[in-house]
């Protein structure tokens, strides 16, 4: 019979409360878009001595695990704030790859700062949310079917609006035409695939709905200023962690 009175040594209870308060405060500042306050909280927290006892003597693997857990907490919160689950999860996995490749605690902690920047940028992008339920439905449909031969008529039929009315409402809500948004959405998805898969550039082009690698590359450079190959080579640069 297993005893119910087993004793497990535990760090100071106050340390756990301090960690919990840090996580709540950090999530709040990120959610409010307060970059400088969030970074200050982060720096102050990891400069404290007590975390050496709580995060298993501050070993590299445990620091990695803790930063990953923070990233997941923030990821779920930005989804609740309106960022699409696809975009938030894509960013989470991009940073997960960076953290796992880190070879020092300093690199890991710097990646933690990068992910704070990244999630806040996502929230800024949705600071003007889509109010029109039909256009929201259209955007979701487009995101789910980027690899298909999508047309304005197809999406308008899917959401139950006339082509003319859908076109005008789409432009009103997103400040870009259907064609412009479709290209933008495909390029954004290609960024994730370039950073987080070993698929060839041709395979990625086909997967997101482009008929040729050359046309995809031209459109990619139009939106990003660099080629898909250059972007893939820069995937560990924080500026490109979309």
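Checking every residue in the stretch 31-42 against the condition of being at pLDDT below 90, part of a loop (DSSP other than H, G, I, E, B) and over 22 Å from the mean Cα position of the chain (by Cα) gives zero matches.
Would you check if there is a residue in the stretch 206-229 being within 30 Å of residue 76 (Cα to Cα), touching a residue at least 60 places away in the same chain (Cβ under 8 Å), outside the structural domain of residue 67 (by TED's automatic domain parsing) and part of a loop (DSSP other than H, G, I, E, B)?
To start, the set of residues in the stretch 206-229 that are within 30 Å of residue 76 (Cα to Cα) comprises 207-209, 220, 223-224, 228.
With touching a residue at least 60 places away in the same chain (Cβ under 8 Å) added as a condition, the list becomes 207-209.
Of the ones still in play, those that are also outside the structural domain of residue 67 (by TED's automatic domain parsing) are 207-209.
From what is left, the residues that are part of a loop (DSSP other than H, G, I, E, B) are 208-209.
Yes, the stretch 206-229 has at least one match.
In the stretch 154-167, how many residues are assigned to a helix (DSSP H, G or I) and loosely packed, with under 12 Cβ neighbours inside 10 Å?
Looking only at the stretch 154-167, we keep the residues that are assigned to a helix (DSSP H, G or I), and these are 154-159, 163-167.
Next, from what is left, pick out any that are loosely packed, with under 12 Cβ neighbours inside 10 Å: 164-165.
The number of residues fulfilling the criteria is 2.
Which one of these is farther than 28 Å from residue 92 by Cα and either touching a strand residue (DSSP E or B) at 6+ places or on another chain (Cβ under 9 Å) or assigned to a helix (DSSP H, G or I) (or both): 171, 113?
Numbers: 113 fails: farther than 28 Å from residue 92 by Cα.
So the residue among 171, 113 that is farther than 28 Å from residue 92 by Cα and either touching a strand residue (DSSP E or B) at 6+ places or on another chain (Cβ under 9 Å) or assigned to a helix (DSSP H, G or I) (or both) is 171.
Across the stretch 43-59, what is the total count of residues that are modelled with pLDDT of 75 or more and either under 21 Å from residue 76 (Cα atoms) or in a helix (DSSP H, G or I) (or both)? First the steps, then the outcome.
We begin by selecting, within the stretch 43-59, every residue modelled with pLDDT of 75 or more; these are 43-48, 59.
Now restrict to residues that are either under 21 Å from residue 76 (Cα atoms) or in a helix (DSSP H, G or I) (or both): 43-46.
Of the residues in that region, 4 qualify.
The values are calculated or read from the model by the stated rules, or taken from the named source; none is laboratory data. Given the structure is predicted, the values throughout are model-derived calculations rather than measurements. Cβ coordinates were reconstructed from backbone atoms using ideal geometry, including for glycine residues, and neighbour counts include every protein chain displayed.
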